[in-house]
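Every number here is computed from the coordinates shown, using simple stated rules; none is lab data. In this text the structure is predicted, and so the values were computed from the model without any measurement. Cβ placement follows ideal geometry from the backbone for every residue including glycine, while neighbour counts extend to all protein chains displayed.
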Amino acid sequence: MPWTLGGHRIYAQKSSENTSQILPRLQPLSGGTVIQSFGFDSIVRSVSAIVVGDTIKDALRAFAQDGGTSHAFVSPEGSLGNWIVKSCVPNRTDSTCQSTDQTQPDTAPVYEVDLELWKEG
């Protein structure tokens, strides 16, 4: 099973997750530091991937402008759930003949795409 985001094939090179707590440190005039907990952030996933073709690149860019709609994210191991695309940064690579995706023409442009995904809910 390939990597897909919203049904579009991507070739993930690197994927990492980040989560954190919301913990302000208060410094009272007398006494020690007081730490208060205000919960935690939802998971943020950073994905670096290869994308072949303008159609898929444009679809991923559109996901970052769709008003927070969630999209299914699938890895070779199965579904990773629904994610909101916070940002999409495509960088075209210098290639003359792509051989990554045989369903695309040899002359299709190849992009390195950095995605920031926010876990729904």
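Just from its helices, what would the mean residue ellipticity at 222 nm be for the chain, if runs of 4 or more DSSP H residues each count -39500 (n - 2.57) and the sum is divided by every residue, rounded to the nearest 500 deg cm²/dmol?
Values: 1 runs with 10 residues, N = 121.
Result for the chain: -2500 deg cm²/dmol, rounded to the nearest 500.
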**OP:** Grab every C-alpha pair in the chain, bin the distances at 5 angstrom width from 0 up to the longest one, and report whole percents.
**Re:** 2, 11, 18, 19, 15, 10, 7, 5, 4, 4, 3, 2, 1, 0
Subject >> Rounded tilt (10° steps) of 54-63 against the dominant C-alpha axis of the chain >> reply: 20
**OP:** Would you look at the GNM of the chain, springs on alpha carbons closer than 10 Å, and say which of Leu80, Leu60, Leu23 moves the most?
**Re:** Leu23
Original post:
What residue among Val89, Val34, Val47 shows peak mean-square fluctuation when the chain is described by a Gaussian network model with Cα springs under 10 Å?
Top reply: Val34
Subject >> GNM flexibility winner over the chain from Asp94, Asp41, Asp66 (Cα, springs under 10 Å) >> reply: Asp94
**OP:** Calculate the length of the line joining the C-alpha centroid of region 9-51 to that of region 99-117, in whole Å.
**Re:** 30
Original post:
Considering the dipole of the chain built from charges on the beta carbon (Lys and Arg +1, Asp and Glu -1) around the Cα centre, which of Leu23, Trp3, Thr96 is farthest to its positive end?
Top reply: Leu23
